[in-house]
Amino acid sequence: MPRVTSNYLPKYRFHKPSGQARVTIEGRDFWLGPWKSKASMLEYDRIITEWLANGRRLPAKQSDAGLTLVELIAAYLKHARAYYRKDGKETSEVVSLVRSLRIVKELYGKTAVAEFGPLKLKAVRQKMIDIGWCRNQINKHTQRIVRMFRWASEQELAPGTVVVNLQNVAGLRKGRTEAKESKPVLPVPDGDLQATLPHLPQVVADMVRFQRLTGCRPGEVCQLRPGDVDRSAGDVWTYRPGSHKTEHYDKDRVIFVGPMAQNVLRPYLLRPADAYCFSPRESEAKRRRLAHEARTTPMSCGNRPGNHKAKPKHPAGKCYTRETYWQAIARAVAKANKVRKPGEPAIERWAPNQLRHSAATEIRKRYGLEGAQVCLGHSAANVTQIYAERDMQKAAEIMREIG
């Protein structure tokens with residue numbers, strides 16, 4: 001079987017017994033007409049053009065009107081795994097799509113695509129409510145399902161009327177549905193933050209400090225490299241992440257690094273420009289070194305450094321991910337709660353994205369909404385409103401004077 005490359009095209013071939021031209025795609029023969037005739041060559045061009053436009057897949061046949069939802073979901077997920085990628089890896093959107101479409105498959109897997117209408121979409125949504133998903137989450141998953149049918153319409157796998165009818169289904173409104181509401185993401189209380197830091201590895205603790213001072217996203221602090229930091233300005237450095245949340249919208253992302261954040265970051269810049277500043281491997285090596293220095297067991301007993309043959313199931317990587325960063329913080333919070341004195345309130349588990357909320361709240365309080373907007377890198381002020389907690393004390397002071 002010939003190897004398929006990105007430049008591969010099915011060949012225009014001669015069928016000697018019939019004198020016809022043909023092309024074979026996905027094991028299916030297309031008869032084009034008399035060999036080397038103008039009509040056969042035009043037909044070949046038409047078939048190849050449709051095949052390329054459809055992502056090197058054959059367009060749906062007219063008989064595909066009876067396509068079932070199981071078949072559509074399989075085709076759409078194949079498309080999604082190729083489309084939703086960043087830096088060569090699938091994004092979290094693929095995981096969300098799988099969760100959304102699993103319910104559709106369970107309820108209506110054998111149903112024809114053309115028969116899926118608003119009432120069936122509402123039944124899928126009700127199932128999400130029964131499972132216990134929150135309202136905002138359900139609305140997003142519902143939009144993903146409609147997006148699949150829009151793609152199916154573009155590929156001529158579903159009638160266009162199906163998409164139009166599904167788009168008429170309004171989203172769930174607050175207070176007018178049985179779906180529960182999600183809890184707002186609040187800033188990390190400074191007391192909880194300071195109580196957690198001593199229980200974090202030094203590398204992760206510096207990641208937390210850097211993120212709290214700059215207001216960057218968790219993924220942006222994880223991928224920080226010396227080559228991404230411009231120190232030419234002197235007093236304020238600029239950090240341009242190699243990959244960020246809105247890069248597919250052709251938006252630039254600049255993170256400003258002030259003197260305090262520079263002090264946190266400076267020791268990690270003494271490495272190659274393309275090496276990650278915050279390395280799990282370095283953190284694990286330091287943890288092992290400290291454990292060895294604190295060792296009380298004689299060297300003749302137990303394992304010595306370098307002779308432990310067992311390989312860890314998940315070895316430390318080159319850089320932290322958002323998930324491993326969150327896990328390190330969760331473990332530190334659990335350790336901090338174990339040493340709390342009797343009567344002291346437990347520290348609530350917090351996540352790295354809450355550090356961004358903390359920075360946004362402080363910046364907005366001191367420099368206003370516009371200051372928070374430019375520091376967080378938001379193109380619209382209404383997005384900043386989500387991150388910046390309202391200064392209730394300021395409102396109380398105003399009303400104390402005029403109310």
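Bear in mind these aren't lab numbers, they're just calculated from the coordinates by the rules spelled out. The model shown is predicted, which means the values in this text are computed figures rather than measured ones. For neighbour counting, all protein chains shown are included, and Cβ atoms are generated from backbone atoms with ideal geometry for every residue, glycine included.
Stretched out fully, how many nm does the piece from ALA273 to ASP235 gain, at 0.36 nm a residue minus the Cα gap?
Numbers: separation 38, 0.36 × 38 = 13.68 nm, distance 2.06 nm.
Fully extending the segment from ALA273 to ASP235 adds 11.6 nm.
Tell me, what is the FRET efficiency for VAL146 and ALA123 to the nearest 0.05, using R0 = 22 angstrom and their Cβ-Cβ distance as r? Present the calculation step by step, with values, prior to reporting the outcome.
Values: r = 15 Å, r/R0 = 0.66.
The value I calculate is 0.90.
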Using only C-alpha atoms and all pairs of different ones, pull out the Kirkwood radius for segment 29-98 in Å with one decimal. 14.8
Considering every Cα-Cα pair within segment 188-236, what fraction, in whole percent, is farther apart than 16 Å? 49
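Please give the peptides 130-142, 17-29 ranked by average Cβ packing (other Cβ atoms within 10 Å per residue), highest first, as a rough proxy for protection.
Values: 130-142: 16.2, 17-29: 12.7.
Per-residue Cβ counts within 10 Å, averaged per peptide and sorted highest first, yield 130-142, 17-29.
Rank the residues GLU362, GLU106 as a footprinting-exposure proxy: fewest other Cβ atoms within 10 Å of their Cβ go first.
Working: GLU362 18, GLU106 10.
Result, fewest neighbours first: GLU106, GLU362.
Using C-alpha positions alone, give me the convex hull volume of segment 64-167 per residue in cubic angstrom.
Numbers: hull volume 9.7 nm³, N = 104.
Given the Cα convex hull of segment 64-167, per-residue volume reads 93 Å³.
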Peptide ranges 277-283, 10-16 listed from the most packed, as the mean C-beta count within 10 angstrom indicates: 277-283, 10-16
